[in-house]
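Participant: Quick one: structure below, then a few questions.
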Amino acid sequence: MVIEPQNSLFELHLKDVWRYRDLLWLLVKRDFVSFYKQTILGPLWFFIQPLFTTIIFTFIFGNLAGLSTDGLPQPLFYMAGITAWNYFADCLTKTSTVFKDNANIFGKVYFPRLIMPLSIVVSNLVRFSVQMILFFLMVGYYAFIRANFHMNLYVLLFPVLVLLMALLGLGLGLIITALTTKYRDLAFLITFGVQLMMYATTVIYPLSAAPADYKWIIELNPMTGIIEAFRFGFLGEGELTMNTLGYSVIVTIVSVIIGVVIFNKTEKTFVDTV
């Protein structure tokens, strides 16, 4: 194998990424094992975290604050938003520190650097899949008691929505991780910023309940269209329009392109600055 410097920012070396696919799966396994190593409950945390968050949201936002859920059962409404949001947020926050967290590995051995953020997206997909099982169990329960919701054909958009969540988190994460090589403050701000961003997304309230004066601000968040489409497909309630979903697709594509370009540019010299 001949290792050459990149001459173009758009040189992704996808053939090398495919050649190192075994490394990708090893990194996914490492993330899964190391995260829950020496824990008593282990992978059960996949279920516990979204379940307890749903209970808290139901109590605080549903009962105390009395926020609308478009007539849907409150736990089902919040679980749908939490499941989708968690996948995006995990991809974003973990990808945003990939240079800083793996500087020692990057400085010692060659492999396509894009493998590392891709492994984060895939490992989070495993967690998302497990949480979707919990969501389907909840859907099955409320269907059994004949609650007010109905699944429709737009549920077929689910694979597209998952891909959008993954790529949006990846793209924004790549941009931020390139910036954190020089500006470490961003690493401290990103977790706080993602939490604030959740309140500007329709996780705890439907888009229909947003005040008219601020609705356009919420729609500027690309995750709003994705979560609304997710709820509309599985639960039959939500504002699914081609404008909002199309906007999310455009922002996702632009974010990925800019993120990859900046990532490719930064990976040449980041070892000298980290």
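We did not get these values from a lab; they are worked out from the coordinates using the rules stated. Model, not experiment: these values are computed from the prediction. Please note: Cβ atoms are built from the backbone with ideal geometry, for glycine as well, and neighbour counts cover all protein chains shown.
Participant: What length, rounded to one decimal in nm, is gained on full extension from K108 through to W18, with 0.36 nm per residue of separation minus their alpha-carbon distance?
Facilitator: On the way: separation 90, 0.36 × 90 = 32.40 nm, distance 2.10 nm.
Net length gain for the segment: 30.3 nm.
Participant: I need the shape label for the stretch 26-182. Rule: rounded when a/c is under 1.5, else prolate if a/b > b/c, else oblate, with a, b, c from the alpha carbon gyration tensor. Write out the running numbers ahead of the final one.
Facilitator: Values: a/c = 2.20, a/b = 2.00, b/c = 1.10.
Cα axes put the stretch 26-182 in the prolate bin.
Participant: What order, most packed first, do the peptides 132-139, 88-95 have when packing is the mean number of other Cβ atoms within 10 Å of each residue?
Facilitator: Working: 132-139: 15.8, 88-95: 24.1.
Put in order of decreasing packing, that is 88-95, 132-139.
Participant: Report the charge-dipole magnitude of the chain in Debye, nearest 20, computed about the Cα centre from +1 at each Lys and Arg Cβ and -1 at each Asp and Glu Cβ. Numbers along the way, then the final one.
Facilitator: Working: 18 positive and 16 negative charges, 148 e Å.
About 720 debye.
Participant: Relative to the longest principal Cα axis of the chain, at what angle does helix 21-35 sit, 0 to 90 degrees, rounded to 10?
Facilitator: That works out to roughly 60 degrees.
Participant: Another one. What is the extension gain from F192 to Y142, computed as 0.36 nm multiplied by their sequence separation minus the C-alpha to C-alpha distance, in nm to one decimal?
Facilitator: On the way: separation 50, 0.36 × 50 = 18.00 nm, distance 3.40 nm.
Contour length minus the Cα-Cα distance gives 14.6 nm.
Participant: Moving to a separate point now. What's the angle, to the nearest 10 degrees (0 to 90), between helix 74-95's Cα axis and the longest principal axis of the chain?
Facilitator: Around 10 degrees separate the two axes.
Participant: Here's a follow-up. When the convex hull of the C-alpha atoms of the stretch 118-157 is computed, what volume per residue in Å³ does it have? Could you put the intermediate results ahead of the total?
Facilitator: On the way: hull volume 2.7 nm³, N = 40.
Per-residue hull volume (Cα only) is 69 Å³.
Participant: Could you give the nm distance between label points at S129 and A212, where each point is 7 Å from its Cα heading toward the beta carbon?
Facilitator: Calculated label separation equals 4.7 nm.
Participant: Quick check: net charge around A147, other residues with Cβ under 15 Å of its Cβ, Lys/Arg +1 and Asp/Glu -1?
Facilitator: Taking every other residue near A147 into account, the sum is 0.
Participant: Under the definition of Cα pairs under 8 Å and six or more residues apart, what whole-number percent is the relative contact order of the chain?
Facilitator: Details: 321 pairs, mean separation 76.9, N = 274.
Across the chain, relative contact order equals 28 percent.
Participant: Something else now. Grab the Cα-Cα distance for M242 and Y183, subtract it from 0.36 nm times how many residues apart they are, and report the gain in nm with one decimal. If you can, show how the numbers build up before the last one.
Facilitator: Details: separation 59, 0.36 × 59 = 21.24 nm, distance 3.74 nm.
Gain on stretching M242 to Y183: 17.5 nm.
Participant: In deg cm²/dmol, rounded to 500, what helix-only [θ] at 222 nm does the chain give when every DSSP H run of at least 4 residues adds -39500 (n - 2.57) and the total is split over its residues? Walk me through the numbers before you get to the answer.
Facilitator: Working: 13 runs with 181 residues, N = 274.
Taking each H run of at least 4 residues, the total per residue is -21500 deg cm²/dmol.
Participant: I would also like to ask the following. Between the stretch 79-111 and the stretch 131-200, what is the separation of their alpha carbon centroids in Å?
Facilitator: Using only Cα atoms to place each centre, the spacing works out to 14 Å.
Participant: Quick one: the Cα spread of the stretch 207-263 along its three principal axes, in angstroms, biggest first?
Facilitator: 38, 28, 16
Participant: Rounded to two decimals, what is the ratio between the C-alpha radius of gyration of the chain and 2.2 N^0.38 Å? Write down the numbers at each step before the final one.
Facilitator: Numbers: Rg = 19.8 Å, N = 274, 2.2 N^0.38 = 18.6 Å.
Relative to the 2.2 N^0.38 Å estimate, the chain comes out at 1.06.
Participant: What distance in nm separates the simple spin-label points at L153 and L64, each placed 7 Å from Cα in the Cβ direction?
Facilitator: For the pair L153/L64, the computed spacing is 4.4 nm.
Participant: Further, regarding this structure: Take each of the peptides 219-232, 152-165, average the number of other beta-carbon atoms within 10 Å over its residues, and list them starting from the highest.
Facilitator: Details: 219-232: 23.9, 152-165: 15.6.
In descending order of packing, they fall as 219-232, 152-165.
Participant: If you don't mind, another one. Could you work out the local net charge near S119, counting Lys and Arg as +1, Asp and Glu as -1, over the other residues with Cβ closer than 14 Å to its Cβ?
Facilitator: Details: positive: R21, K29, R30, K94, R113, R127; negative: D22, D31, D90, D101.
Here the count lands on +2.
Participant: Too long at a 31 Å Cα-Cα cut-off: which of K29/K265; K108/K182; K100/K215?
Facilitator: Working: K29/K265 28 Å; K108/K182 20 Å; K100/K215 37 Å.
Too far apart for the 31 Å limit: K100/K215.
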